Amino acid sequence: MSDAGIVLLYAVLHMALVALPGAAAVVIAGCRGVRDVVTLLAIGMVASGASAMLAFWAYFGSHRLGLLASFTIPAASGIVVCRYGVRLGRQFPWKRLAFPVMLWAFGTLFLLFLGFLHGGVEHPIQTASVRFSHKLPSDNWLPLYFSESIYKFGHSRVPPSVSTWLSSDRPPLQMGYVLAARPFGSWTNGLHYQVLGVALQQVWIVGMWALLEAARVRGRTRALILTAALVSDIAIVHGFFVWPKLVAVAFLLTAAAFIFADRWTTARRKPGFAVLLACLFTLAMLCHGTSMYCVIPLVLLAALRGRPTRGWIAAGLLAVAVLYAPWLAYQHCFDPPGNRLVKSMLASHEAVDHRPVLGTIVDAYSKIGLRKAIDNKINNVNAITGAAGGVDNIAHAIRLASTGHFHAALATARDVRFYSLLQSLGVFAFAPALMLLLRLRRRARSSTDWTFAGTCFGLVGVACALWIVVQFGTGDTVAVMSGEKVSGAFSAAIIHAGSLAVPMLAITGCVAGLAAMSSRLAAIFVGIDVPLVLALYTPALSPLPGSTRFSYVFAAGAALFLTGFVVTALQWRPRRPAAMRASQPATKATQAT
């Protein structure tokens with residue numbers, strides 16, 4: 001079988017393994033009368049994440065128990081879907097649930113075929129570390145490394161550290177998915193792991209679909225947002241380099257769907273929604289701790305929109321404890337100290353010690369003093385905006401391109417967009433100013449899109465403010481953004497030191513705001529940005545391991561799946577509110593009379 005056929009086969013297998021527990025939960029919820037699409041998607045995502053955590057703890061208990069979980073969960077899920085799915089009939093929103101699944105499948109296959117466009121299938125993990133960026137560290141390999149130890153030895157042996165990282169430093173959700181799929185196929189060269197990782201990273205598409213559905217954004221605007229987000233630095237670079245940062249975005253966007261929209265007035269009164277929302281937040285934290293930079297603004301927004309009852313809060317806290325307490329016990333008892341990543345970001349302290357986080361932060365700020373601390377926060381602002389150093393790098397990239405050094409120009413542009421939040425937006429960085437200028441001259445054509453864009457920007461603004469203040473910062477931001485190894489680099493406010501949901505929401509807000517003023521203008525921006533991003537990331541700038549030659553099959557596949565994604569997104573028609581649907585026949589009758 002050809003490389004393209006193997007990648008396609010693995011993708012189908014792992015997408016099925018990821019989706020089956022969620023599909024079973026959706027069918028069960030449907031049998032209990034749930035028909036709201038956003039709620040069903042949230043239930044499915046929580047069930048999928050919970051099943052992965054169940055597999056993690058099963059293998060931690062014993063190898064046999066883990067194998068039982070690996071085979072029982074998908075088998076039982078398949079039986080539930082086949083047996084009870086038929087009973088739901090046509091009244092169940094099958095078609096509307098199929099849209100995000102189809103988009104997820106197209107998005108996953110597009111990125112896989114784009115990633116292996118120049119070869120590297122024989123060494124997929126090493127290929128992912130250089131394909132779309134400068135040489136990245138071994139973070140994409142760590143979930144596989146630690147899960148292999150747990151797969152073989154369970155709790156009988158603490159996984160050995162690697163590159164100074166402990167197993168307690170890496171959140172377990174991606175490891176859970178890897179362990180659940182581990183018995184299916186040979187994992188010798190890492191291709192199974194890479195394909196599964198890309199499928200997991202691209203689940204953000206389902207979360208984005210839920211958010212846009214809940215906010216009732218117009219159909220064309222939704223298609224533009226999804227296309228811009230798929231063909232973006234965040235989805236391409238962090239989707240193929242499979243560290244678990246992008247997986248968290250799926251849960252955060254789904255949680256935002258309950259808070260952004262009018263459904264919050266209902267959700268904050270029902271304990272069932274408290275459990276659902278708490279599970280989404282907790283699963284995001286179990287993907288990566290930096291999700292807190294998006295969780296806090298979402299909680300603040302929810303509190304501003306209406307406080308829930310005490311029983312609601314208690315139900316949510318109980319759900320958080322059930323999901324997160326076992327991992328806290330693992331971190332602090334099985335492989336301590338479990339707080340290194342937090343201390344490296346908030347105190348620029350990377351050594352292994354047993355000091356508490358708060359004490360480490362106080363000591364770090366006491367050593368540098370007030371003036372240096374303020375300088376560090378200014379450096380965080382510069383890291384987010386790019387500042388003068390980012391502008392110089394862009395100018396340098398333009399000069400290189402004008403003299404014919406295209407590879408060097410693309411490499412410089414990739415580095416700038418990898419670190420700086422503002423500059424990663426590309427042409428959309430100009431969108432907020434243009435939106436405001438147009439808004440001063442005339443009303444928005446869609447108040448729904450405009451309100452949604454404003455909410456996105458508000459959330460991004462609060463998240464960036466937290467990012468700037470909370471991150472310790474480093475005195476050499478320019479060196480960090482140039483890709484140099486600098487002590488305290490984790491403490492700088494660069495993109496991957498925060499939540500990737502923030503740049504995703506920034507892109508979403510830019511497209512929605514432009515579309516609120518003019519759908520044609522938004523289409524022009526997306527039509528400019530997508531080819532530029534594809535031109536930036538299609539070439540392979542670094543030597544890839546193994547056989548590295550351009551594949552026309554992978555190129556055709558990437559083009560086909562991207563086209564399928566866009567066409568599917570354009571076919572999506574938002575469901576009108578019930579009141580509007582009820583009034584439609586009366587309106588037609590009046591016109592006929």
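The values are calculated or read from the model by the stated rules, or taken from the named source; none is laboratory data. Fair warning: this is a prediction, and the values are worked out from it, not measured in the lab. Cβ atoms come from the backbone with ideal geometry, glycine included; neighbour counts cover every protein chain shown. All accessible areas refer to the heavy atoms of the entire protein, side chains included, with ligands and DNA or RNA removed. Shrake-Rupley method; radii C 1.70, N 1.55, O 1.52, S 1.80 Å.
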Worksheet item: Looking at the range 369-461, which trypsin sites (Lys or Arg not before Pro) are in a loop (DSSP not H, G, I, E or B) and have at most 11 other Cβ atoms within 10 Å?
Response: 442, 443
Practice prompt. Quickly rank 310-323, 235-248 as a protection proxy: mean count of other C-beta atoms within 10 Å, highest first.
Written response: 235-248, 310-323
Item to complete: May I ask you to work out the translational diffusion coefficient for the range 318-429 at 10 °C, viscosity 1.306 mPa s, via Stokes-Einstein with Rh from the Kirkwood sum over Cα pairs, reported in whole µm²/s?
Response: 91
Worksheet entry | Area of residue 192 that stays accessible when all protein chains are in place (1.4 Å probe, Å², to 10) | 10
Discussion item. How far apart, in nanometres, would the label points at residue 465 and residue 560 be if each is projected 7 angstrom from Cα along the Cα-to-Cβ direction?
Written reply: 5.0
Worksheet, complete the sentence: Sorted largest first, the C-alpha extents of the range 1-118 along its principal axes in whole angstrom are 48, 38, 22
Practice prompt. Report the full-extension gain for the segment residue 35 to residue 377: residue separation times 0.36 nm, less the Cα-Cα distance, to one decimal in nm.
Written response: 118.4 nm
Discussion item. Please list, by residue number, everything in the range 167-183 whose backbone N is under 20 Å from a paramagnetic label point 7 Å out along Cα→Cβ of residue 332.
Written reply: 167-173
Discussion item. Can you compute the helix-only [θ] at 222 nm over the chain? Use -39500 (n - 2.57) per DSSP H run of at least 4 residues, normalise by all residues, nearest 500 deg cm²/dmol.
Written reply: -23500 deg cm²/dmol
Fill in: Table column - 3J(HN,Hα) (Hz), the range 401-407, Karplus curve with 6.51, -1.76, 1.60, x for Gly and Pro
5, 5, 9, x, 8, 5, 5
Practice prompt. Obtain the nm distance between the two label points defined at residue 354 and residue 296 by a simple spin-label model: each point lies 7 Å from its Cα along the Cα-to-C-beta direction.
Written response: 2.9
Item to complete: Compute the signed sum of charges (Lys and Arg +1, Asp and Glu -1) over the other residues within less than 13 Å, Cβ to Cβ, of residue 256.
Response: +1
Fill in: Between the range 27-61 and the range 484-553, the alpha-carbon center distance in angstrom
30
Response to the item:
Burial-style ranking of 258-271, 459-472, average other-beta-carbon count within 10 Å with highest first, yields 459-472, 258-271
Practice prompt. Rounded, prolate or oblate: pick one for the range 206-262, where a ≥ b ≥ c are the square roots of the eigenvalues of its C-alpha gyration tensor, a/c under 1.5 means rounded, and failing that, prolate if a/b is larger than b/c, else oblate.
Written response: oblate
Worksheet entry | Among 556-564, 205-213, the order from most to least packed when residues are scored by Cβ within 10 Å on average | 205-213, 556-564
Worksheet item: Between residue 28 and residue 524, how many nm apart are label points set 7 Å from Cα along the C-beta direction?
Response: 5.2
Worksheet item: Out of 281, 330, 300, whose Cα points farthest toward the positive end of the dipole of the range 275-364 (charges: +1 Lys, Arg; -1 Asp, Glu; placed on Cβ)?
Response: 300
Practice prompt. Once you have the Kirkwood Rh of the range 512-575 from its Cα pairs, apply Stokes-Einstein at 37 °C and 0.692 mPa s and quote D in µm²/s.
Written response: 225
Worksheet item: Cβ under 12 Å from residue 157's Cβ, residue 157 left aside: what net charge do those residues give with Lys, Arg +1 and Asp, Glu -1?
Response: -1
Worksheet entry | Total lysine pairs under 22 Å (Cα atoms) in the chain, excluding pairs fewer than 8 apart on one chain | 11
Fill in: Three-way shape call for the range 115-186 based on the alpha-carbon gyration tensor, with the a/c threshold at 1.5
oblate
Worksheet entry | Dipole magnitude of the chain, debye to nearest 20 (Cβ charges: Lys/Arg +1, Asp/Glu -1, about Cα centre) | 2380
Discussion item. How many angstrom lie between the Cα centre of the range 411-460 and the Cα centre of the range 327-352?
Written reply: 36
Worksheet item: Where a ≥ b ≥ c are the square roots of the eigenvalues of the C-alpha gyration tensor, would you call the chain rounded, which needs a/c under 1.5, or, failing that, prolate if a/b is larger than b/c, or oblate?
Response: rounded
Fill in: Cα-based Rg and Dmax for the range 280-321, where Dmax is the largest Cα-Cα distance (Å)
11.1, 29
Worksheet item: Quick one: ranking 65, 410, 97 by accessible area, 1.4 Å probe, largest first, what do you get?
Response: 65, 410, 97
